[in-house]
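Asks: Take a look at the following structure, please.
The values are calculated or read from the model by the stated rules, or taken from the named source; none is laboratory data. Everything numeric in this text was worked out from a predicted model, so none of it was measured. Here the Cβ positions follow ideal geometry from the backbone for every residue, glycine too, while neighbour counts run over all protein chains shown.
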Amino acid sequence: MRKGSFHSGIRPALLLVALSLALGMLSLLFAMQEGRMELLAGYVSNPLIVLLNLLPCVVLTALLLALTGRAALSFAAAGAAVMGLTWVGWFKMQFRDDPLTAADLVLIREAGDMAGKYRLFLPAGLVATILCIAAGTALLACCVRQRPSGRLRAGLAAAVLLLLLPLRALYFSDAVYRVYTESRAVAGRWDVTRVYQSKGFLYPFLHSFRKAAAPQGYRQAEAESRLSAYADAGIPPERRVNIVAVMLESFCDFTGTPNAPVLKETVYGPWHALEEEGISGTLITNIFAGGTVDTERSFLTGYPVLPAFDRPTESFVWYLRRQGWQTTGSHPGNRWFYHRDQINARLGFSEYRFLEDFYGALAGGGIAPDDVLFPALAQLCREERSPYFSFTVSYQGHGPYPDSHSAWDGVYLADDGYSDAEYYILNNYFASVANTAANVAALADALRESDAPVVLLVFGDHKPWLGDHQAVYKALGIPVDCSTDEGFLCHYSTPYLIWGNTSAKQALGRELCGKGPDIGPSMLMCTLFDALGWEGPPLMQSQRALMEAGVTMYHSAAENVLYQGRLCTPEALPDPVRALLQNYLEDAFTVQRRTPESEQRSKAVGIAAENAPL
């Protein structure tokens with residue numbers, strides 16, 4: 001093929017640009033899920049949204065042309081990349097009602113494992129997409145046969161690279177994302193998924209690549225000074241108790257939820273009995289039907305916005321380890337899932353058991369259900385050396401739930417005119433919940449008999465999957481629409497429970513019963529420490545000042561807060577309270593950048609504490 005200078009190069013270049021723009025429009029078309037006409041009107045009313053979704057296709061195609069010199073190949077590769085991501089995002093929205101972000105790209109193995117559990121299908125739009133890219137590639141192959149000269153390709157590459165810096169600033173700008181691309185298609189302030197869709201796909205996806213930035217107006221010196229005024233407040237020897245924390249997969253108490261199914265008493269009976277004995281409240285998570293590690297790591301660290309955890313990171317686990325606690329845990333799933341084997345060690349766990357090295361042998365090589373997990377956990381607690389902090393993440397209850405047959409024996413809800421699919425999804429979910437609640441009660445009974453002081457903390461990680469696009473929630477009329485405050489709180493709420501055995505109550509001098517506050521997961525450990533009468537590390541002391549002022553949740557996805565029981569924006573807080581929120585955000589950002597004290601120091605403190613009374 002003869003090389004040229006793209007001489008009559010205007011028409012071939014315009015054709016390539018036109019096809020790249022069409023590719024962007026195709027991606028924008030499939031960014032719309034529900035309420036397509038409203039979303040389309042929002043795009044049309046704000047041309048900046050359209051521009052920010054089309055521009056990446058042109059830039060990517062130009063870069064590929066500079067590298068390959070072949071127009072058809074460049075367009076085909078750009079089409080595969082752009083529409084591949086678009087369709088992955090489309091499927092994720094279908095199954096989880098959750099947008100695709102940059103963080104998902106490092107979880108390819110996890111995504112493949114989860115995809116196998118859902119009922120995949122081949123939409124006609126996907127076939128049409130492939131045909132469109134193939135047609136565009138064939139058109140370029142026929143009409144643009146000449147290759148640009150080396151000099152032209154070098155110039156094109158240089159131009160693209162020069163553009164990357166200003167484009168990075170544009171796409172990572174929070175001001176552009178929040179203000180200048182605001183769409184009238186978003187009816188509710190807190191609907192994170194709808195906000196994402198209202199900005200297309202490529203633009204919000206690229207915006208998600210920005211790293212967790214310092215809080216606006218971040219003052220490192222002031223944060224360091226503020227934190228230095230605190231110290232790792234020690235835990236008095238006479239108030240030392242063991243902590244058994246369990247995060248339950250998709251566990252949610254629907255009692256009292258508007259339009260919830262009528263259930264048999266056996267579903268929540270054991271759970272409600274424990275609530276009568278302990279401190280119970282509502283956890284307002286950052287996630288819905290998936291993304292469990294957000295709740296998990298927010299609890300373990302107290303961070304309102306999570307870092308990458310790509311190195312040892314300060315946490316409440318490290319604090320307890322410095323105080324002499326054994327820090328262990330377990331999960332009946334694979335050690336590689338969510339990189340727990342690496343990240344849990346970076347968070348301060350000295351030992352963590354997984355399917356591969358512990359639970360697989362107990363469950364015939366598979367993932368342990370709760371009937372295996374909880375008896376094993378009770379035995380591990382009997383074998384732990386006090387004081388210890390144990391954190392277990394369950395797996396049973398993970399969706400999707402069969403919609404065509406009963407996976408469990410028994411009937412757990414009244415048949416109130418549901419379709420077959422709705423009935424089976426609900427009955428299978430609540431059968432799992434009933435089994436989990438019974439196992440939690442059995443664990444409490446085992447700890448009740450222990451002479452060692454033990455406090456049990458149990459909480460759900462997120463609301464369950466109940467059909468693609470929240471189909472069963474909508475069919476029942478359960479309010480999960482984030483366009484209203486009621487829907488937002490219902491959408492993200494799960495229960496938590498703090499329960500202590502008699503020895504723990506005696507050691508702490510506290511009854512450990514009553515109603516707990518509605519909180520976000522980053523405030524959960526602080527709530528536990530408050531119940532135990534422990535002061536905690538500097539970050540927790542910063543949190544406590546904010547909570548005492550009335551802010552008990554900062555939602556990292558919606559960027560709103562719960563203030564005196566009501567949702568509002570940070571800007572709507574009274575000035576003194578807004579200042580405390582700013583302090584907390586700055587303190588958390590400062591602490592998460594520190595390297596935890598050495599394991600040797602932790603072990604030394606642990607040895608010194610062995611003889612302390614418990």
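Asks: Could you say whether any residue in the range 341-363 is outside any helix (DSSP H, G or I), modelled with pLDDT under 95 and of a type in the set (A, V, I, L, M)?
Replies: no
Asks: Hey, another quick one. Pairs needed: first member in the range 524-551, in contact (Cβ under 8 Å) with a residue 60 or more places away in the chain; second member anywhere, acidic (D, E); C-beta distance under 8 Å; at least 6 residues apart or different chains.
Replies: From the range 524-551, the pairs are P537/D232; P538/D232; P538/D587; L539/E314; L539/D587; Q541/E535; S542/D587.
Asks: Still on this structure, I have one more. Taking the stated definitions as given, is E511 charged (D, E, K, R), out of contact with any Phe, Trp or Tyr (no Cβ under 6 Å at 6 or more places or on another chain) and over 20 Å from Q592 (Cα atoms)?
Replies: So E511 fits the description; yes.
Asks: Residues to consider are T257, T327, T301, T313; find the one that is at pLDDT 95 or above and surrounded by fewer than 19 Cβ atoms within 10 Å (Cβ to Cβ).
Replies: T257
Asks: Mind listing whichever residues of the range 184-209 are modelled with pLDDT of 80 or more and part of a loop (DSSP other than H, G, I, E, B)?
Replies: Within the range 184-209, S198, K199, G200, F201, S208, F209 qualify.
Asks: Which of the residues belonging to the range 377-402 are part of a helix (DSSP H, G or I) and either charged (D, E, K, R) or touching a residue at least 40 places away in the same chain (Cβ under 8 Å) (or both)?
Replies: Within the range 377-402, L377, A378, L380, C381, R382, E383 meet the criteria.
Asks: Further, regarding this structure: Failed condition for S450, given (1) surrounded by fewer than 23 Cβ atoms within 10 Å (Cβ to Cβ); (2) modelled with pLDDT of 95 or more; (3) hydroxyl-bearing (S, T, Y); (4) touching a helix residue (DSSP H, G or I) at 6+ places or on another chain (Cβ under 8 Å), with all others met?
Replies: Evaluating S450 over (1) surrounded by fewer than 23 Cβ atoms within 10 Å (Cβ to Cβ); (2) modelled with pLDDT of 95 or more; (3) hydroxyl-bearing (S, T, Y); (4) touching a helix residue (DSSP H, G or I) at 6+ places or on another chain (Cβ under 8 Å) leaves (2) as the failure.
Asks: Here is a further query. Output the number of the condition that G329 fails; it satisfies all remaining conditions of (1) in a loop (DSSP other than H, G, I, E, B); (2) of a type in the set (G, A, S); (3) under 30 Å from T595 (Cα atoms).
Replies: Checking G329 against (1) in a loop (DSSP other than H, G, I, E, B); (2) of a type in the set (G, A, S); (3) under 30 Å from T595 (Cα atoms), the one that fails is (1).
Asks: Continuing with the same structure: Test A504 against the stated conditions and say whether it is modelled with pLDDT under 95 and either on the phi < 0 side of the Ramachandran plot or surrounded by fewer than 17 Cβ atoms within 10 Å (Cβ to Cβ) (or both).
Replies: In short, no.
Asks: When you check Y473 against the structure, is it aromatic (F, W, Y) and in contact with a Ser or Thr (Cβ under 8 Å, 6 or more places away or on another chain), yes or no?
Replies: no
Asks: Any chance you could count how many residues in the range 196-226 are within 30 Å of W90 (Cα to Cα) and not aromatic (F, W, Y)?
Replies: Of the residues in the range 196-226, 13 are within 30 Å of W90 (Cα to Cα) and not aromatic (F, W, Y).
Asks: Follow-up question, since we're still on this one. Just a yes or no: is a residue in the range 262-274 over 30 Å from A378 (Cβ atoms) and surrounded by 14 or more Cβ atoms within 10 Å (Cβ to Cβ)?
Replies: No, the range 262-274 contains no residue that is over 30 Å from A378 (Cβ atoms) and surrounded by 14 or more Cβ atoms within 10 Å (Cβ to Cβ).
Asks: Check V44 against each of (1) of a type outside the set (F, W, Y); (2) under 25 Å from V195 (Cα atoms); (3) modelled with pLDDT of 95 or more and name the one condition it does not meet.
Replies: Only one criterion is unmet by V44, namely (3).
Asks: Can you tell me which of V305, V317 is assigned to a helix (DSSP H, G or I) and either hydrophobic (A, V, I, L, M, F, W, C) or not assigned by TED's automatic domain parsing to the domain that holds N439 (or both)?
Replies: Being assigned to a helix (DSSP H, G or I) and either hydrophobic (A, V, I, L, M, F, W, C) or not assigned by TED's automatic domain parsing to the domain that holds N439 (or both) holds for just one of V305, V317, which is V317.
Asks: What's the number of the only condition in (1) touching an Asp or Glu at 6+ places or on another chain (Cβ under 9 Å); (2) in the same structural domain as Y418 (by TED's automatic domain parsing); (3) at pLDDT 95 or above that L512 fails to meet?
Replies: Only one criterion in (1) touching an Asp or Glu at 6+ places or on another chain (Cβ under 9 Å); (2) in the same structural domain as Y418 (by TED's automatic domain parsing); (3) at pLDDT 95 or above is unmet by L512, namely (2).
Asks: To continue, here is another question. Taking Y338 as the residue in question, decide whether it is assigned to a helix (DSSP H, G or I), at pLDDT 95 or above and touching an Asp or Glu at 6+ places or on another chain (Cβ under 7 Å).
Replies: For Y338, the condition - assigned to a helix (DSSP H, G or I), at pLDDT 95 or above and touching an Asp or Glu at 6+ places or on another chain (Cβ under 7 Å) - is not met.
Asks: R219 is checked against (1) closer than 30 Å to D485 by Cβ; (2) outside the structural domain of R36 (by TED's automatic domain parsing) and fails just one. What number does that condition carry?
Replies: For R219, the exception is condition (1).
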